[in-house]
Amino acid sequence: MSYYLNSENHLDPGPIYVRENGQLHMVNLALDSVRSGLQKPRPRPFRLFPKGFSVELCMNREDDTAQKEKTDHFIFTYTREGNLRYSAKSLFSLVLGFISDNVDHIDSLIGFPEQIAEKLFSAAEARQKFTEPGAGLRALQKFTEAYGSLVLCSLCLRNRYLVISEKLEEIKSFRELTCLDLSCCKLGDEHELLEHLTNEALSSVTQLHLKDNCLSDAGVRKMTAPVRVMKRGLENLTLLDLSCNPEITDAGIGYLFSFRKLNCLDISGTGLKDIKAIKHKLQTHIGLVHSKVPLKEFDHSNCKTEGWADQIVLQWERVTAEAGKLREASEPRRAAQRFYSKRTRTETPVKCPMADSPTNSSEKLQFYKEDAPDCHGPLLERETAVCQESKKSKKRALEGPEQDQSNSSQSSKQKYVCLAVEDWDLLNSY
């Protein structure tokens with residue numbers, strides 16, 4: 001009995017009976033108090049699951065992301081009776097959604113089918129992957145490197161200088177553009193985007209609009225340096241708009257002679273002095289003739305944002321427009337500060353010349369190539385008048401002595417061959 005009382009790990013044998021004077025007595029109830037005093041308290045058994053655990057409670061405790069992933073695999077619709085009905089998505093849509101969520105981690109999309117890539121781009125756009133700060137740029141670069149003009153073939157950023165300043169890296173990622181409109185953006189000669197125009201990624205640009213961008217002769221020289229020296233860059237350019245840039249003079253127009261494929265040119269509103277000489281040079285060097293009637297190629301209706309990423313560009317414009325409205329909301333406070341301040345500030349609103357009244361046709365300096373099939377501006381009457389003027393100019397040129405022609409041809413060759421010190425500096429910068 002003492003051994004049983006002192007043992008700790010001994011199992012409970014059950015009730016104990018003692019025979020005394022021919023009668024049985026149960027003694028384990030009386031010994032419970034003694035045994036509890038001698039033995040240590042038993043530790044509580046270890047539970048693998050908490051008390052009250054059930055599968056339903058575990059399902060209810062899932063977070064929102066897990067619940068979203070669980071329901072993302074189904075398509076929920078309503079029947080005519082108003083009952084909720086769900087059906088499982090196809091394996092293709094599930095894989096497409098997973099890849100679009102992690103599109104910025106893809107190594108390359110080169111060689112991937114275009115039909116599936118377009119669906120992948122739309123899925124990533126629907127999930128707003130391109131709006132993320134870091135991953136959006138990487139994802140956009142994956143598509144532009146593989147598909148080029150399919151992502152965006154034409155980009156119109158007319159009067160969108162805020163979009164350019166905030167989304168410059170995204171804009172630079174677009175490749176194989178054929179039409180680019182940067183009118184009224186006030187870029188200047190030293191802007192990073194102007195330097196990017198000379199990159200090989202934009203050698204496919206055929207139409208370039210740079211109206212009212214505060215350009216000068218230095219900007220034109222920088223833009224044409226790769227074409228003049230290395231025969232690359234904007235060598236496929238057929239339409240160029242440099243109007244409303246008063247800092248461009250006669251010397252800057254001379255850099256445009258390297259664009260041999262140029263069919264339409266607009267230099268209205270520039271700082272030209274000898275207009276007759278410029279007309280003659282453009283006709284003799286690259287075959288461009290002055291137009292008496294405004295060309296419809298420069299009405300800024302042909303260049304539109306087209307491609308897979310057109311909605312992304314529209315979203316950029318919406319975001320910048322909302323930011324502009326917030327700035328306008330604080331304008332009354334600024335007006336009050338100017339009213340009570342001692343200094344008088346004179347601020348003139350920046351307006352694009354495109355919004356102003358159109359100038360006379362005589363003031364337009366628009367040129368076209370007669371034999372160019374892409375230029376639809378000239379009419380029959382204008383063609384005859386221009387042909388007569390060209391014949392007169394040819395007669396004047398033929399009346400000169402042959403020696404002058406040989407000297408002029410040699411001098412023109414020397415202009416193309418000899419390089420100035422500034423051109424060599426530009427070459428070293430590239």
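The values are calculated or read from the model by the stated rules, or taken from the named source; none is laboratory data. Computed from a predicted model, the values in this text were never measured in an experiment. Positions of Cβ are backbone-derived with ideal geometry, glycine not excepted, and every protein chain shown enters the neighbour counts. Surface areas here come from the heavy atoms of the whole protein model, side chains and all, with no ligands, DNA or RNA. Shrake-Rupley method; radii C 1.70, N 1.55, O 1.52, S 1.80 Å.
Out of Gly269, Gly233, Gly254, I need the residue that is within 17 Å of Cys184 (Cα to Cα) and at pLDDT below 95. Which one?
Working: Gly233 fails: within 17 Å of Cys184 (Cα to Cα); Gly254 fails: within 17 Å of Cys184 (Cα to Cα).
Being within 17 Å of Cys184 (Cα to Cα) and at pLDDT below 95 holds for just one of Gly269, Gly233, Gly254, which is Gly269.
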Considering only the stretch 216-231, I want to know if a residue exists there that is touching a strand residue (DSSP E or B) at 6+ places or on another chain (Cβ under 6 Å) and either of a type in the set (Gly, Ala, Ser) or open to solvent by less than 10 Å² (accessible area, probe 1.4 Å) (or both). yes
Restricting the search to the stretch 138-192, which residues are closer than 20 Å to Gly111 by Cβ, open to solvent by 50 Å² or more (accessible area, probe 1.4 Å) and not in a loop (DSSP other than H, G, I, E, B)? Arg138, Gln141, Glu145, Leu150
Considering (1) at pLDDT 95 or above; (2) within 18 Å of the chain's Cα centre (by Cα), say which one Leu242 fails and leave the rest. (2)
Suppose we keep only residues that are in a helix (DSSP H, G or I) and more than 19 Å from Gly134 (Cβ to Cβ) within the stretch 88-110. Which one would you say is farthest from the chain's Cα centre (by Cα)? Leu91
Taking Asp274 as meeting all but one of (1) on the phi < 0 side of the Ramachandran plot; (2) out of contact with any helix residue (DSSP H, G or I) (no Cβ under 7 Å at 6 or more places or on another chain), write down the number of the exception. (2)
Output the number of residues of the stretch 269-312 satisfying the condition of being surrounded by fewer than 17 Cβ atoms within 10 Å (Cβ to Cβ) and of a type in the set (Phe, Trp, Tyr). 0
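Residues that are under 30 Å from Leu215 (Cα atoms) and assigned to a loop (DSSP other than H, G, I, E, B): does the stretch 118-131 have at least one? Outline the logic, then answer.
Our first condition is that a residue be under 30 Å from Leu215 (Cα atoms); within the stretch 118-131, this holds for none.
Within the stretch 118-131 (the criterion being under 30 Å from Leu215 (Cα atoms) and assigned to a loop (DSSP other than H, G, I, E, B)), the answer is no, since none of the residues qualifies.
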Residues of the stretch 70-113 being among the small types (Gly, Ala, Ser), modelled with pLDDT of 90 or more and surrounded by fewer than 10 Cβ atoms within 10 Å (Cβ to Cβ), in sequence order, are Ser108, Gly111
Glu322 - would you say it is among the charged types (D, E, K, R), modelled with pLDDT under 65 and under 36 Å from the mean Cα position of the chain (by Cα)? no
Test: Gln128 is exposed (fewer than 13 other Cβ atoms within 10 Å of the Cβ) and within 17 Å of Gly307 (Cβ to Cβ): no
Output yes when any residue across the stretch 266-278 is more than 20 Å from Leu182 (Cα to Cα) and without any contact (Cβ under 8 Å) to a residue 12 or more places away in the chain, and no when none is. yes
Please go through (1) out of contact with any Phe, Trp or Tyr (no Cβ under 8 Å at 6 or more places or on another chain); (2) of a type outside the set (A, V, I, L, M, F, W, C); (3) crowded, with 23+ Cβ neighbours inside 10 Å for Asp266 and return the number of the only condition it doesn't satisfy. (1)
Pairs under 6 Å by beta carbon, first residue farther than 19 Å from Cys264 by Cα in the stretch 191-209, partner open to solvent by 10 Å² or more (accessible area, probe 1.4 Å), six or more apart or different chains? Leu194/Leu187; His196/Lys172; Ala201/Arg175
